[in-house]
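Just below is one structure, and these are the notes that go with it.
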Amino acid sequence: MKGICILGATGSIGVSTLDVVARHADLYDVIALTANNNIDLLYEQCLQHRPKVVVVVDADKAKAFESKLAHSPIADIKVLTGAAALEQVATLDEVDSVMAAIVGAAGLLPTLGAAKAGKTILLANKEALVMSGAIFLKAVTDSGADLLPIDSEHNAIFQCMPAGYRTGVQAKTARRILLTASGGPFREMPIEQMVNVTPAQAVAHPNWDMGKKISVDSATMMNKGLEMIEACLLFNMLPEQIQVVIHPQSVIHSMVDYVDGTVLAQMGNPDMRVPIAHAMAWPDRFDSGVEPLNIFDVARMDFEQPNLQRFPCLRLAYEAIAAGGIMPTVLNAANEIAVDAFLNEHVRFTDIPVIIERTMNKFSATPADTLDIILSTDQQARVVSTEIVAELTY
Ligand code: NAD
Ligand code: MG
């Protein structure tokens with residue numbers, strides 16, 4: 001039995017992970033679940049999976065959750081609160097694998113803690129890796145942790161890499177990554193109409209059912225920008241070795257181009273239980289609960305170049321990684337603030353790249369050598385981008 005901790009259990013990835021866990025209760029023992037504030041769903045999950053400990057980050061919600069547990073059949077579950085408790089449960093001795101599925105920078109410290117503790121990291125939380133880059137990879141190397149990508153594209157690339165491949169190592173025979181993108185809901189909208197896009201339109205993704213933040217990131221294509229940086233880090237590739245390919249059907253989840261001209265692709269239905277089950281069973285395989293791909297229903301696959309005029313966020317991600325140093329941290333923080341402001345209807349959809357670019361212009365790409373530098377850059381970039389949001393608020 002492997003002990004698992006799910007950071008962000010109540011989110012889209014967390015729920016899919018527990019669905020896979022339920023199919024393999026003989027292999028996985030749920031040790032810890034964490035939530036920010038959705039205690040009703042957490043309670044249902046606790047009834048079904050009986051973790052030893054949970055974290056409810058919000059203190060008031062944690063109190064409410066404790067009262068809910070008090071007269072229940074699961075009163076023995078320990079309840080912790082506060083952000084520091086996330087790292088505490090992710091590094092427990094009984095925990096072998098940590099599903100890092102908190103959204104955004106809030107997931108950095110517990111995920112990094114798990115990496116330092118040598119846990120198997122199932123990495124969905126791409127923002128944590130993008131903002132901390134080399135520091136995160138060094139923690140993984142130093143502890144000998146396994147780092148397995150959950151992001152469908154990176155999981156696909158991992159599967160297309162040579163046998164025995166490990167993340168953080170360059171496979172010399174792989175010369176290029178073809179990183180696929182659906183293009184999101186606005187791939188064909190006339191550019192001048194994008195200013196009027198509403199949060200409801202932006203979170204309605206054509207192929208994937210995901211949390212709000214990543215859905216907006218998919219609509220701006222910042223998600224692909226973050227994934228391009230994620231791919232450079234995980235597979236030790238240069239940005240120019242990563243070609244973003246718009247593939248609206250989302251059947252191919254990415255490809256690897258080898259020196260002999262071979263191109264390997266990983267395909268499947270667009271359901272996150274596929275990469276989750278792959279990473280959980282690795283290096284073996286087991287059932288994910290996903291229907292077999294019906295290739296006849298797919299019938300055709302299209303591929304297009306991304307248009308950087310339509311998707312300035314993708315250009316900004318290439319600029320951030322080219323600049324290096326703290327710039328990916330700045331990009332990520334400004335994006336989190338901008339997306340939040342858009343979801344709260346303070347700024348327009350087309351303001352998102354404006355906020356990020358203006359924030360990036362206020363920083364220079366100094367080295368990102370320590371965790372303290374990363375954390376203080378993240379805070380400073382949030383202050384700067386919040387000021388820019390205030391200027392743009394309509
Ligand atoms: P979500 O919004 O559905 O869930 C987020 C989870 O994080 C929830 O459990 C929430 O309680 C928790 N959380 C939010 N803020 C928190 C905070 N401040 N402190 C502690 N916990 C907090 O998001 P999601 O779609 O499941 O995405 C999670 C991560 O996985 C993101 O980094 C996303 O980019 C990545 N990812 C998601 C998908 C997908 O299909 N949903 C695909 C690839 C990668
Ligand atoms: Mg992805």
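The values are calculated or read from the model by the stated rules, or taken from the named source; none is laboratory data. Because the structure is a prediction, the values reported are computed rather than measured. Backbone-built Cβ (ideal geometry, glycine too); neighbour counts: all protein chains shown. We work out accessible area using only protein heavy atoms, side chains counted, and drop any ligands, DNA or RNA first. Shrake-Rupley method; radii C 1.70, N 1.55, O 1.52, S 1.80 Å.
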Practice prompt. State the number of residues belonging to the stretch 118-159 that are out of contact with any strand residue (DSSP E or B) (no Cβ under 9 Å at 6 or more places or on another chain) and surrounded by fewer than 24 Cβ atoms within 10 Å (Cβ to Cβ).
Written response: 10
Practice prompt. Kindly indicate whether Asp209 is at pLDDT 95 or above, charged (D, E, K, R) and either within 16 Å of ligand 2 (Cβ to nearest atom) or within 16 Å of the chain's Cα centre (by Cα) (or both).
Written response: no
Worksheet item: Would you say Pro248 is in a loop (DSSP other than H, G, I, E, B), away from ligand 2 (no atom under 13 Å from the Cβ) and either under 22 Å from Gly14 (Cβ atoms) or at pLDDT 95 or above (or both)?
Response: yes
Worksheet item: Cβ-Cβ below 7 Å, separation at least six or inter-chain, first residue in the stretch 124-139 and part of a helix (DSSP H, G or I), second open to solvent by 10 Å² or more (accessible area, probe 1.4 Å) and at pLDDT below 95: which pairs?
Response: Leu137/Gly168
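Residue by residue, here is whether (1) open to solvent by 20 Å² or more (accessible area, probe 1.4 Å); (2) closer than 17 Å to Leu316 by Cβ; (3) within 13 Å of ligand 1 (Cβ to nearest atom) holds:
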{"residue": "Asn207", "(1), (2), (3)": "yes, no, yes"}
{"residue": "Met221", "(1), (2), (3)": "no, yes, no"}
{"residue": "Lys224", "(1), (2), (3)": "no, yes, yes"}
{"residue": "Phe235", "(1), (2), (3)": "no, no, no"}
{"residue": "Gln249", "(1), (2), (3)": "yes, no, no"}
Practice prompt. Any chance you could count how many residues in the stretch 316-356 are closer than 18 Å to Met131 by Cα, aromatic (Phe, Trp, Tyr) and buried (at least 24 other Cβ atoms within 10 Å of the Cβ)?
Written response: 0
Practice prompt. Could you please find all residues in the stretch 233-245 being touching a residue at least 60 places away in the same chain (Cβ under 8 Å) and either more than 15 Å from the chain's Cα centre (by Cα) or outside any helix (DSSP H, G or I) (or both)?
Written response: Phe235, Asn236, Met237, Pro239, Gln241, Ile242, Gln243, Val244, Val245
